[in-house]
1. Being in contact (Cβ under 8 Å) with a residue 40 or more places away in the chain, in a loop (DSSP other than H, G, I, E, B) and either in contact with a Pro (Cβ under 6 Å, 6 or more places away or on another chain) or open to solvent by 50 Å² or more (accessible area, probe 1.4 Å) (or both) is the filter here; which residues of the range 375-389 pass it?
2. Only one of (1) hydrophobic (A, V, I, L, M, F, W, C); (2) farther than 30 Å from TYR184 by Cα; (3) assigned to a loop (DSSP other than H, G, I, E, B) is not met by MET427, so which one is it?
3. Within the range 283-303, track down each residue that is in contact with a helix residue (DSSP H, G or I) (Cβ under 7 Å, 6 or more places away or on another chain) and among the polar types (S, T, N, Q).
4. Enumerate the helices (runs of 4 or more DSSP H) found wholly within the range 210-296, keeping only those where 2 or more residues are over 18 Å from the mean Cα position of the chain (by Cα) and surrounded by fewer than 19 Cβ atoms within 10 Å (Cβ to Cβ).
5. Quick one: which residue in GLY49, GLY131 is crowded, with 22+ Cβ neighbours inside 10 Å, closer than 14 Å to ALA235 by Cα and touching a Ser or Thr at 6+ places or on another chain (Cβ under 6 Å)?
6. Quick one: which residue in ALA71, ALA59 is open to solvent by less than 30 Å² (accessible area, probe 1.4 Å) and within 20 Å of GLU278 (Cβ to Cβ)?
7. Checking TYR495 against (1) open to solvent by 40 Å² or more (accessible area, probe 1.4 Å); (2) over 25 Å from ASP243 (Cβ atoms); (3) in contact (Cβ under 8 Å) with a residue 60 or more places away in the chain, which single condition isn't satisfied?
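The values are calculated or read from the model by the stated rules, or taken from the named source; none is laboratory data. Everything numeric in this text was worked out from a predicted model, so none of it was measured. Positions of Cβ are generated from backbone atoms using ideal geometry, with glycine treated the same way; all protein chains shown enter the neighbour counts. We work out accessible area using only protein heavy atoms, side chains counted, and drop any ligands, DNA or RNA first. Shrake-Rupley method; radii C 1.70, N 1.55, O 1.52, S 1.80 Å.
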Amino acid sequence: MSNTSRRKFLKLTTGLSAGSVLALTVSTSLTGCAILQKESLSKVEFNHGVASGDPLSNALIIWTRVQSKEASAVVAWELASDADFKNIIRNGLENTDKSRDFTIKIDVQNLQANTEYFYRFVGLDSVSPVGRGKTLPVDNIEQVKMVVVSCSNYPAGYFNAYSDAAKQEDLDVVLHLGDYIYEYPMGGYATDNAEKIGRQLAADNSDEIISLSDYRKRYAIYRTDKGLQALHAAAPFIVVWDDHEISNDTYKSGAENHSANEGDFFKRRAAAIQAYYEWLPIRPPMGEQNPQIYRTFDFGNLLSLHMLDTRVIARDKQLSYSDYRNKNSKEMDIAKFSKDLNNPERHLLGKTQLNWLTSAVDKSKAKWQVLGQQVLMTKMWLPTEIFSQADRNNIPAVVAELGAIKQDVLNNKAVTDEQLARVNSLMPYNLDAWDGYPAEREALYNNVSALNKKLIVVAGDTHNAWHGTLKDAKGNIVGAEFATPGVTSPGMESYLSIDTEQAQKMAEGLSLLINDLEYCDLSQRGYMLVTLTKEEVKADWRYVDNIMSTQYNIVNPTQSIYKA
């Protein structure tokens, strides 16, 4: 899109005069249209913006939600080749009601490949903002440009990362890797500044969300954020959930943040998934009653994007170090922990999804195989001494000390046997990530390597930025991983109560201590812009300097490149 047309589009997305639409043409077939009188439509408001998603080479989901005082509503939709809607190529009517939370989601078919479209919705005396969508290519293409985001906590701050991402030129898609909402109550996680900055949760939704009504209302307040609305209008989303769309540290039969007094977990999960499918522009591969969400998107011969579920379908409960420590002596039962950790029957994807993924990778003719998923796949093992700190405030100093020793080792300087043992005695840092499921990770690596495919993994979840090299158990390079920082959710700087300078020093230390880690940032919020060509994959981390208001600047932009 040219700068001129983008300015026109951004102006249009702020809303149109209802009086500009006197009558509507509604598509009755691919070739025929009929005139619909405006009076056939319902009186509605469009307060939650518009969205498109799950683009294919010939189809695109378009979405909105309406507010109506009636029990049901009728809304018209239009799809055009131009932002001024001078060339409307598809249109129609859609009914909605409270059974769908007044959401509208249309799968527009028979579209042209690699084509930009514009869409809007029309009520009796109102017109929605205009959205831009784009279908996927089928032929040789030179480049794909995608925004990657995750972990947007409404009470924690304003979604300025979304606002900036919406300004990107020639954007193909947005990947949202989960934690689109958070389930916590006011007074809970990351709500400290909410009242001061005007980001309180609604009075009727300020408790932890459990029911279908709760989840719907939580989406409703998130979707009032102007940055989120702008990004949804700017490009199609391809989404997958993480844990907070249901409850913290979800696994296949429960969650860390779900207790027996909160009712049946599966009922809660079903409510969360229903609201997710209602409020997101997604085409569920097995229908809207099924939690199977993994699916593939092909971008011509350049990349195949495989969106994975590492949370809901097959994940076994996370291991916890506390379960392996003697309550009296505090010593770890290393043998039992190692046996359980490396159990080949512990699953994150599960056999069915892993077999599906292997088959999809095998069938793909694309240059890059991209896995869109939630948690870090890079092996992130840290010296055990870091974990033994009773006071977490000591961790930055310990990391700095161990990092200095590791630097000496890398520079072939003399170190003592004791110092060498301190930096070489390692354990996985995050058992909720792929490090907690190493056997299945190795199986995935073996399958991809056997097919001689190039693997790129994008991840979210940690609220921090990472770039790692993916290596199998033998040290062979399988691919690269790029992880996006959180949009607003606090990172390691909050957990360790450190300032920006301390966080930067600690990031440098971790990059030394973790063998497969190339880069990390532990204190900034933002998003990731990933550009793929046949020659390379380039990740640009764009950080915002403020989330306490809608005023922000982009600071400390950082780039990593992985060559083919």
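1. Listed by number, the list holds a single entry, LYS379.
2. Here MET427 meets the rest and fails (3).
3. Here is the first cut: in the range 283-303, the residues in contact with a helix residue (DSSP H, G or I) (Cβ under 7 Å, 6 or more places away or on another chain) are 284, 288, 291, 294, 296.
Listed by number, the list holds a single entry, THR296.
4. 212-222, 265-279
5. Unique residue meeting the criteria: GLY131.
6. Details: ALA71 fails: open to solvent by less than 30 Å² (accessible area, probe 1.4 Å).
Only one candidate qualifies: ALA59.
7. Every listed condition holds for TYR495 apart from (2).
One line per residue, one yes/no per condition, for (1) open to solvent by 70 Å² or more (accessible area, probe 1.4 Å); (2) touching a residue at least 40 places away in the same chain (Cβ under 8 Å); (3) of a type in the set (Lys, Arg):
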site	(1), (2), (3)
ASP391	no, no, no
GLU401	yes, no, no
ALA404	no, no, no
PRO428	no, yes, no
LEU431	no, yes, no
ARG441	no, yes, yes
ASN446	yes, no, no
ALA450	yes, no, no
